[in-house]
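Visitor: I'd like to ask you about the structure that follows.
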Amino acid sequence: MDFQSAITRLGNRESRKIQNNTYLEKLDDSRIGLRLHSTHVLVFHSDGWVELNSGGYHTVTTKSRLNCYLPNGLCIMQKKGVWTLGRVGHWQDPPLCGFKDHMKVRTIHDEVTVEGGDPVPEPKAGMKLRKRAKKYAHDFIEALVAGKVGAPDLGDCIYCSMREVETKRPLGECTQDQSHLLGHMDESYFVPSLLARAVEVFPISQVAKELLHGRWTGQVVEPYVVGIGFAQLEKALYRYVLRQLGQAS
């Protein structure tokens, strides 16, 4: 899709649903956005540029929408949890760049111009980061179950606990700061507010909620709840940390 085809698809409307949870929306006279849930994952500009944005959600659905509506010949590829921008049918060629939110692309004939993309990351570095995140999530929940992680309070990391008034998102999400998370992982600093946000983004079962509530209120939790809830809390935290580090979750 490009700006002209998006205009044609919209017709005389300001908004049109084109897939599940996916809408084309006229933003102004020179921009049309493709919205998935609350994020404009693509913005088509009248001058030919297309802006890409995952909203921090490197998920299968987000990647699918990007690949459905990117300009012809371009696609988002994933290897070992890392997203890159490449060309359709050129799977053996090096990617054009690493994916970065708000990067822009423009295609004229076969020429592709990219602005704001990241350098192509090393797959091994991505795998190493994922292993670190997995260990952090596992150790975090083990400490929680052992009663060593209290409830969120004012002493938590400000990037994890302080929230924007309008969106209710933590400061770390709003600024896309990764350094504080990497610091937590290095120091094994288990921030309660980080887990609280993780289970908002990646919902858990009632059983897991009982485990979390019990540990944060000092109530006794049945053993079977611990076993089931442990795995769900760990998975939610792992996926959230990956998302914040720009990895496929």
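Visitor: Could you list all residues from the range 194-220 that are under 18 Å from the mean Cα position of the chain (by Cα) and either within 14 Å of VAL145 (Cβ to Cβ) or small (Gly, Ala, Ser) (or both)? Explain how you work it out, then say what you get.
Guide: Let us first name the residues in the range 194-220 that are under 18 Å from the mean Cα position of the chain (by Cα), namely 194-204.
LEU195, ALA196, ALA198 - these are the residues of the range 194-220 that are under 18 Å from the mean Cα position of the chain (by Cα) and either within 14 Å of VAL145 (Cβ to Cβ) or small (Gly, Ala, Ser) (or both).
Visitor: OK, next. Between ALA151, ALA137, which is outside the structural domain of HIS58 (by TED's automatic domain parsing) and out of contact with any Asp or Glu (no Cβ under 7 Å at 6 or more places or on another chain)?
Guide: On the way: ALA137 fails: out of contact with any Asp or Glu (no Cβ under 7 Å at 6 or more places or on another chain).
Of ALA151, ALA137, the one residue that is outside the structural domain of HIS58 (by TED's automatic domain parsing) and out of contact with any Asp or Glu (no Cβ under 7 Å at 6 or more places or on another chain) is ALA151.
Visitor: So, in the range 86-102, of the ones that are among the hydrophobic types (A, V, I, L, M, F, W, C) and more than 19 Å from LEU242 (Cα to Cα), which residue ends up surrounded by the most Cβ atoms within 10 Å (Cβ to Cβ)?
Guide: To start, the set of residues in the range 86-102 that are among the hydrophobic types (A, V, I, L, M, F, W, C) comprises 88, 91, 96-97, 99.
Subset that is more than 19 Å from LEU242 (Cα to Cα): 88, 91, 96-97.
Values: VAL88: 12, TRP91: 9, LEU96: 18, CYS97: 20.
Step by step, filter the range 86-102, then rank; the result is CYS97.
Quick grid of which residues meet (1) in contact with a Ser or Thr (Cβ under 8 Å, 6 or more places away or on another chain); (2) polar (S, T, N, Q); (3) modelled with pLDDT under 95; (4) crowded, with 19+ Cβ neighbours inside 10 Å:
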| site | (1), (2), (3), (4) |
| --- | --- |
| ARG13 | no, no, yes, no |
| VAL41 | yes, no, no, yes |
| PHE44 | no, no, no, yes |
| GLY55 | yes, no, yes, no |
| LEU74 | yes, no, yes, yes |
| THR84 | no, yes, yes, yes |
| LYS104 | no, no, no, no |
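Visitor: Can you list the strands (runs of 3 or more DSSP E) found entirely within the range 24-143 that contain at least 3 residues being over 19 Å from SER249 (Cα atoms)?
Guide: On the way: elements: 31-36, 39-45, 50-52, 74-79, 82-87, 103-108, 111-115.
Strands (runs of 3 or more DSSP E) meeting the threshold: 31-36, 39-45, 103-108, 111-115.
Visitor: From the list MET77, MET103, pick out the single residue that is among the aliphatic types (A, V, I, L, M), touching a residue at least 24 places away in the same chain (Cβ under 8 Å) and assigned by TED's automatic domain parsing to the domain that holds ARG9.
Guide: Working: MET77 fails: touching a residue at least 24 places away in the same chain (Cβ under 8 Å).
From the options MET77, MET103, the qualifying one is MET103.
Visitor: What are the pairs with Cβ atoms under 7 angstrom where one residue, in the range 124-150, is of a type in the set (Ser, Thr, Tyr) and the other, located anywhere, is surrounded by fewer than 22 Cβ atoms within 10 Å (Cβ to Cβ) and part of a helix (DSSP H, G or I)? Sequence gap at least six, or different chains.
Guide: TYR136/MET185
The values are calculated or read from the model by the stated rules, or taken from the named source; none is laboratory data. Please read all numbers here as calculations on a predicted model, not as lab measurements. Positions of Cβ are generated from backbone atoms using ideal geometry, with glycine treated the same way; all protein chains shown enter the neighbour counts.
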